[in-house]
Structures are given as structure tokens and as C-alpha cells.
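The values are calculated or read from the model by the stated rules, or taken from the named source; none is laboratory data. Predicted model, so just to flag it, every value in this text is computed and none were measured. Here the Cβ positions follow ideal geometry from the backbone for every residue, glycine too, while neighbour counts run over all protein chains shown.
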Amino acid sequence: MVKAAHLRIKDANVTDKLIQYIKEGLSPLGVNLLVLEFNPGYNYRCFPELADGSFGRNEAQRVAAAAKEEGIRIVPLFMCLGHQGWRFEKNKLLKLHPEFDETPDVPEDGDAENTPDLEFYCHSWCASNDDVYKYVLPMMDEIMEDFGADCLHIGMDEVFSMAEETCPRCKGKDRAELFARTVNILHDHIVKKKGWKMMMWADRLNNAEALDYHAWEGDIWGTWRAIDMIPNDIILAAWHYEINKKGFPGIGVLLEKGFTVMPASWKELKQTRFLLKEALKYKKIAEKKGYNGKLLGMLVTCWSEVTCELLDTLLNSVKKREQNKKAKDTIGIASSIVYMAGKLSKID
């Protein structure tokens, strides 16, 4: 099964440490897939004005070569639609091209501390302005080609700003249709044109009310209906970062719909153990009922921007095969990776 880890990369100066972590940390554990997120954090050649990081082609090729030697597949992650910045701050794409902003009326100096997340969380690009793809697709292609990758993660998580009343293009449109339209445009390019695999987060496809999920790991505005409007050859990374005593029935729904599913945990070993137990339960149910969906494996995420210090902490912890039940930080992430890789290696 796939044993996967995730890192958020931006700076070229972490390259040597990243390669060391791959060779001395992840590979000995049997980790065989590494999601590297650029949000947008890449030194683009196609649009240098949109570069927001020093990590680029030379670094990508070095990391890709090291990973290939260890049998680890690199999957770049390029954030699409939502998360075009953090909270009120916009990324360079929206700063330089305000015509792509779904909420141009929301100022960058907004009061994030006193604004409820569900009132405004992060900027999105306009799902009805197809000119955005003149920039997005070349940037995606550049990263994929630099890494020599065959699967691209497109993000699509926590998309809250969509079909806004203040957007002349999206006003009055159906959120599920807008979301599915974006996924399908990207699928046409990534899968049909380029022949790559495509991965995305699953949270907007979960019916929060029906599944007893909160508004982050599930959708409360009707976007979830897009699940029946997109191809089921997309790999869905189903993240869940908190204990839910009722379990995670959404995994079963995704499997029933025929998707390949990879549950994703974060920084707490207890949660990772519970989530994997739940996922394996739904894997057995899916096989017994003859569902077309498959459980691919598991992903452990790391949402802090990577530094050499962070990589040192991860490396030292996984080398010790640490499984710290109390940690909810970088050591908790490393502990989750150790547990996940060990557990899934017994299933292979």
C-alpha cells in the first residue's frame, strides 16, 4: 500500500536536508510517496513575476533523482481555486491579477483575528473566469516537468469563497457546479491531455450534515453535490485531523462512489491510529460489498513551512522510530509517519 508523507516547500536552502530526510528517514521506513506542496512557493520560469520562493528546477531535479533512487514517488501539490493566500493576504497571482479574485472587495488588511473563519477564511480565484488557466496550467506543467512527476495534487480544500454575490461572473450560480467545473477543467488538462494522475483533497465532497462532520472536513453549503459531477479516477486524499467518536463514514461513501481514497492525518498519533483503523474498516466493507473504490494507503501531513530545523526534528524522530502519544507538533507528525508506515507495511 501507499505510505505517504507531505511537506510544504518554498526555500532552496532546505534541499540538502530534504534529500537527507528522504534517504535516511523516509526510505528506511518504507515510505513510498512524498507530496511536496508549493503554495505557490516555486521559482517559476514561465511567469517569474509570480515566483514566491527560491526552490526551482535545479532543486526539483536533485530531489526527484534522490527520491527515485529510494523508490519514492514525488507528487507535487499546486493549490487550486481556494487558498490563494492565507486569510486576508493574497498570493501573487491575485495581487497582480485582481480580475481573478472572487472577493476583490475584501481588503488585505482585514481583521483576521476578529473575523470568524466561516465569514471569511481565504481568497479564492473566480471559478467562472477561465483566463486564470493561462497562468495556472503553465505553472503546473513546469513543476511537473521539473520533477518528472506523473501525478499532480491540485488542492481544492476548504474552498469557502465561491459563488459570491459580489462576483459578477459567479453571482447566482450553483456552488457544486462551479466546484465541479473547476475540477473537470483541470482533469481535462492533467489527465486527458497530459496523461498524468490527479489527486485532490476530499473535504468539499463530504456532506457535513449527513456525515456529522464539521465545516472544514465536510461541506455545509451544498458544494458536496459535486461528488457526482467529477470523474472517479481522481485520487481523493480524505483529511481528518481530529477525533470523531462517530468515526469517518465519508470514507465509505467515497469508496462506494468508486474513488481511490487515501486518508490523511496530521500531528497527533492517537488520531492517526484511529483514522487508519477506520479506513481499514471501510476497506473491508467496500471489498465485501463489491464497491469499485479502493483504499490506496495513508498520508501524514505537515503544515509548517519546511526549514532545516524542522527537517532535523523529523529525521531524528523517525530514526528513533519514535511513537510519542502526547506530542501534537513536529514530533507528533514523525510519530504518525512511523506508526502509519509500520502498520501498512504489514498489510502489503
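Annotations
- Residue within the stretch 100-114 that is closer than 19 Å to GLU142 by Cα and either at pLDDT 95 or above or not β-branched (Val, Ile, Thr) (or both) present: no
- Only residues that are closer than 13 Å to GLU24 by Cα and in a loop (DSSP other than H, G, I, E, B) were counted across the stretch 299-325, and they come to 2.
- Residue check for VAL31: farther than 20 Å from THR307 by Cα and within 19 Å of the chain's Cα centre (by Cα): yes
To keep it simple, each residue is scored yes or no on (1) farther than 20 Å from SER161 by Cα; (2) in contact (Cβ under 8 Å) with a residue 40 or more places away in the chain; (3) of a type in the set (Val, Ile, Thr).
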{"site": "ALA202", "(1), (2), (3)": "no, yes, no"}
{"site": "GLY218", "(1), (2), (3)": "no, no, no"}
{"site": "THR223", "(1), (2), (3)": "no, yes, yes"}
{"site": "ALA226", "(1), (2), (3)": "no, yes, no"}
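- For the stretch 73-89, a tally of residues being assigned to a strand (DSSP E or B) and out of contact with any strand residue (DSSP E or B) (no Cβ under 7 Å at 6 or more places or on another chain) returns 3.
- The stretch 229-262: number of residues that are within 17 Å of the chain's Cα centre (by Cα) and β-branched (Val, Ile, Thr): 5
- Residues of the stretch 164-181 that are closer than 17 Å to THR103 by Cα and touching a residue at least 24 places away in the same chain (Cβ under 8 Å): GLU164, THR166, CYS167, ARG169, CYS170, LYS173, ASP174, ARG175, LEU178, PHE179.
- Just one residue in the set LYS283, LYS343, LYS328, LYS270 is outside any helix (DSSP H, G or I), basic (Lys, Arg) and in contact (Cβ under 8 Å) with a residue 12 or more places away in the chain; that residue is LYS328.
- Annotation note: Cβ proximity below 6 Å between a residue of the stretch 58-72 that is under 17 Å from LEU7 (Cα atoms) and a residue that is outside any loop (DSSP other than H, G, I, E, B) and at pLDDT below 95 (sequence gap 6+ or interchain) occurs for no pair.
- Scoring CYS122 on the criteria (1) assigned to a strand (DSSP E or B); (2) of a type outside the set (Lys, Arg); (3) in contact with a His (Cβ under 7 Å, 6 or more places away or on another chain) leaves a single failure, condition (1).
- Within the stretch 259-280, tally of residues that are polar (S, T, N, Q) and surrounded by fewer than 22 Cβ atoms within 10 Å (Cβ to Cβ): 2
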